[in-house]
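Reviewing the structure listed below.
What follows draws every value from the coordinates through simple rules; no lab data is involved. Everything numeric here is computed off the predicted structure, so don't read it as measured data. Cβ sites come from the backbone with ideal geometry, for glycine too, and all protein chains shown count toward neighbours.
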Amino acid sequence: MRKLLVAFILAAAAVALMGGAAQAGNYWDGWKPGKAKGPMPPCNVNVIALGGDDILQATVDTYCGIKPGSYVSYINPAAWDVYAKKGSKYPDGQTGVLVFKDIDAVFTTDHKGGQPVYDAKKISTGQSIASKDAGHPLNPQTCAKCHATFNGVCKGFVCGNRIN
Ligand code: HEC
């Protein structure tokens, strides 16, 4: 009986551990940190005066309103060579993510047929929080407009490796 009880407790602990791990698991776990990271300053901050560039200012102006806290990026190892060389031809698949932990949100860039695919999701559930409203900060077209057309500073629709 005692043995049975111990076995039962061990099994329950294993299930709890595995459950915890599954919950904490994100597809970018184990990916390499990208260069894009930092605090998202409040809306009145001029980041150009602090050494930032035009696209960073535009990004702050677009997202400061949702007070996203700080952000970090991760790049898929399968895309790392292109990222490191600032290349423009990313392989199809998941490319990179921008994680806003404080607000449980992640921006995702994938490539399909050489073209970028953008989404915004809740980290905890994986559910998309993308908007269909024109001009909305979370509309994938807003992502595309900045990542694809900002004076060509982002190569292959990836922006974090544009400097250094
Ligand atoms: C106004 C410009 C702008 C908009 C709009 C924008 N981004 Fe970005 N994005 C950037 C910049 C600039 C960086 C790099 C930040 C840095 O250097 O710290 C970045 C970084 C990223 C990264 C990390 C990989 C990389 O490219 O370095 C992902 C993923 C990403 N953005 C996805 C999105 C998604 C998805 C949206 C829409 C929901 C979006 N972005 C909207 C400018 C923008």
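Tabulated data
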item: Shape call, the chain: gyration tensor on alpha carbons, a/c limit 1.5; result: prolate
item: Amide H within-cut-off set for C159, under 5 Å, with H built and near neighbours excluded; result: none
item: Residue among I75, I129, I48 with the largest mean-square fluctuation in a Gaussian network model of the chain, springs linking Cα atoms under 10 Å; result: I48
item: Charge-dipole axis of the chain as Lys and Arg at +1 and Asp and Glu at -1 on Cβ define it, positive-most pick from C146, H136, G30; result: G30
item: Listed residue pairs exceeding 26 Å between alpha carbons, taken from K67/K89; K32/K132; K35/K122; K89/K122; K37/K122; result: K67/K89; K32/K132; K89/K122
